[in-house]
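Student: Here you go, one structure.
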C-alpha cells in the first residue's frame with residue numbers, strides 16, 4: 001500500500017508527531033499538540049487492512065503478538081529510514097492504527113530548550129533518574145538527549161531496553177547496546193535482570209511498567225549503576241507514591257528505604273503551545289536532597305512539593321514555576337499555560 005507510505009511521508013513534511021487511522025473517518029495528524037484532518041476522504045476497512053498488511057510484512061514478532069492479543073506495538077521504517085512507533089488495535093470491532101514519528105536526529109538539551117541543569121544527572125556515576133509526564137510530552141526525547149550527552153562526553157557502557165526502540169544511537173565515546181522487547185528479550189523484567197551480567201555503566205529503561213522491573217531497577221541503582229527511566233505520572237510526589245504503591249504493604253517500608261537511598265531526581269515535563277506553530281517544554285526538577293530523602297523514608301510525600309518550592313538554591317523548581325518563567329518572557333500566553341498549571345496555582349499568587 002504505497003498510499004500509507006505516501007501518507008507517512010506527508011506527515012513528516014507537515015511536522016506531525018502522530019498519525020491516527022481508523023475506518024469511516026479521514027486520517028488525522030497531530031501537529032503541535034492539535035489534531036488536524038490530513039484529508040477529507042474517509043478511510044475504509046479495506047484501507048486499514050492494506051495498511052496492516054504492509055506494516056506487519058516480515059515482522060513475525062508483531063504478527064504473533066497481534067494474533068494473540070489483538071493489539072501490538074512495534075516500529076516501522078520508510079525507505080529513507082524515517083521511523084515510526086506503531087500501535088495496532090481494534091475499536092468497536094474495527095481495526096485502527098496509531099503511529100508516532102520518531103525523529104532521526106537526536107537533539108541536544110539546548111536544542112530542546114530544556115534546562116542545562118538536568119545534565120548534572122547524566123554526569124552521575126550511579127543513581128536513579130525518572131522522567132515523568134503524560135504521554136506525548138517528550139519524555140523519550142529527553143531521555144535520548146541525556147543518553148547522547150553521555151555518549152558524547154563519557155566512556156561508558158550504555159544499555160537501553162525499549163519497546164520498541166525509538167532513537168538509534170551512533171557510538172561516540174561510549175559503547176551502546178540497544179535491546180528491543182520481543183526481538184532481543186522476552187520481557188522488561190528479563191532484560192533488566194540480564195543487564196547485571198552485561199557490565200553496564202548506564203541503563204535506560206524505556207518505561208517502568210511492573211513491580212518486578214521497578215524492584216530490579218532500584219537494585220541496579222543501588223549497586224553502582226546509573227539508571228534512567230520514564231513513568232506516566234504528573235509530578236514528583238505522585239511519582240514517589242506510584243512506585244511505593246505498586247508493592248504490597250508489607251514491602252513498602254523496604255522500598256521507601258531503597259528509593260530514598262538510590263533516587264537521584266525526578267524531572268517532570270509538559271510541552272506547551274507557543275502560538276507560533278511550536279511547543280516549548282516546561283520542566284519541574286526535584287533533586288534527592290537530604291530533606292527529600294527523609295520525606296520519602298518517613299512516608300511524608302505530601303511534603304515534597306513544599307520542599308521543592310523552597311529549594312531553588314539547590315537547583316529545584318516546580319512545574320508551575322517553570323511555566324510562570326516562560327510566560328514572563330512572552331513565549332507562551334497565560335491562556336495557553338492555564339491547563340498545565342496545578343489546580344492551586346493562579347497568576348496573582350506569588351510564584352513558586
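The values are calculated or read from the model by the stated rules, or taken from the named source; none is laboratory data. Note that the structure is a prediction, hence the values are computed from the model and not measured. So basically every Cβ, Gly included, is an ideal-geometry build from the backbone, and we count neighbours across all protein chains shown.
Student: Count, please, the residues in segment 24-52 that happen to be over 30 Å from residue 184 (Cα atoms) and either outside any strand (DSSP E or B) or outside the structural domain of residue 12 (by TED's automatic domain parsing) (or both).
Tutor: 15
Student: Another question, then. Given the criterion in contact (Cβ under 8 Å) with a residue 12 or more places away in the chain, in a helix (DSSP H, G or I) and surrounded by 15 or more Cβ atoms within 10 Å (Cβ to Cβ), identify the matching residue among 272, 255.
Tutor: The match here is 255.
Student: Identify the residue in segment 53-79 that is in contact with a helix residue (DSSP H, G or I) (Cβ under 6 Å, 6 or more places away or on another chain) and in a helix (DSSP H, G or I) and, among all such residues, is surrounded by the most Cβ atoms within 10 Å (Cβ to Cβ).
Tutor: For segment 53-79, the residue satisfying everything is 62.
Student: Any residue that is closer than 24 Å to residue 317 by Cβ, assigned to a loop (DSSP other than H, G, I, E, B) and not assigned by TED's automatic domain parsing to the domain that holds residue 206 - is there at least one of those in segment 80-89?
Tutor: No; the residues of segment 80-89 include none that is closer than 24 Å to residue 317 by Cβ, assigned to a loop (DSSP other than H, G, I, E, B) and not assigned by TED's automatic domain parsing to the domain that holds residue 206.
Student: Going residue by residue through segment 265-286, is there one that turns out to be assigned by TED's automatic domain parsing to the domain that holds residue 134 and more than 28 Å from residue 340 (Cα to Cα)?
Tutor: No, that holds for no residue.
Student: In the list 213, 230, which residue meets the criterion of being modelled with pLDDT of 95 or more and either in the same structural domain as residue 293 (by TED's automatic domain parsing) or within 16 Å of the chain's Cα centre (by Cα) (or both)?
Tutor: Sole residue among the options that is modelled with pLDDT of 95 or more and either in the same structural domain as residue 293 (by TED's automatic domain parsing) or within 16 Å of the chain's Cα centre (by Cα) (or both): 230.
Student: Applying the selection to segment 108-144, what residues are modelled with pLDDT under 95 and assigned to a strand (DSSP E or B)?
Tutor: Hits for segment 108-144: nothing passes.
Student: Among 147, 161, 192, which is buried (at least 22 other Cβ atoms within 10 Å of the Cβ), in a strand (DSSP E or B), outside the structural domain of residue 88 (by TED's automatic domain parsing) and in contact with a strand residue (DSSP E or B) (Cβ under 7 Å, 6 or more places away or on another chain)?
Tutor: Numbers: 147 fails: in a strand (DSSP E or B); 192 fails: in a strand (DSSP E or B).
The conditions single out 161.
Student: Whether any residue in segment 286-297 is in a strand (DSSP E or B) and touching a strand residue (DSSP E or B) at 6+ places or on another chain (Cβ under 7 Å) is what I want to check.
Tutor: Yes: one or more hits.
Student: Same structure, new question: Taking segment 171-189 on its own, how many of its residues are modelled with pLDDT of 90 or more, in contact with a helix residue (DSSP H, G or I) (Cβ under 8 Å, 6 or more places away or on another chain) and either surrounded by fewer than 20 Cβ atoms within 10 Å (Cβ to Cβ) or within 20 Å of residue 209 (Cα to Cα) (or both)?
Tutor: 9
Student: Only one of (1) in a helix (DSSP H, G or I); (2) free of Cβ contacts under 8 Å to residues at least 40 places away in the same chain; (3) farther than 17 Å from residue 316 by Cα fails for residue 105. Which number is that?
Tutor: Of the numbered conditions (1) in a helix (DSSP H, G or I); (2) free of Cβ contacts under 8 Å to residues at least 40 places away in the same chain; (3) farther than 17 Å from residue 316 by Cα, the odd one out for residue 105 is (1).
Student: Sticking with this structure for a sec: Could we say that residue 236 is modelled with pLDDT of 95 or more and at negative phi here? If you could, list the steps in order and put the result at the bottom.
Tutor: On the way: modelled with pLDDT of 95 or more: yes; at negative phi: yes.
It is true that residue 236 is modelled with pLDDT of 95 or more and at negative phi.
Matching residues to (1) assigned by TED's automatic domain parsing to the domain that holds residue 199; (2) within 30 Å of residue 341 (Cα to Cα); (3) in contact (Cβ under 8 Å) with a residue 24 or more places away in the chain:
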| residue | (1), (2), (3) |
| --- | --- |
| 69 | no, no, no |
| 73 | no, no, yes |
| 93 | no, no, no |
| 110 | no, yes, no |
| 120 | yes, yes, yes |
| 135 | yes, yes, yes |
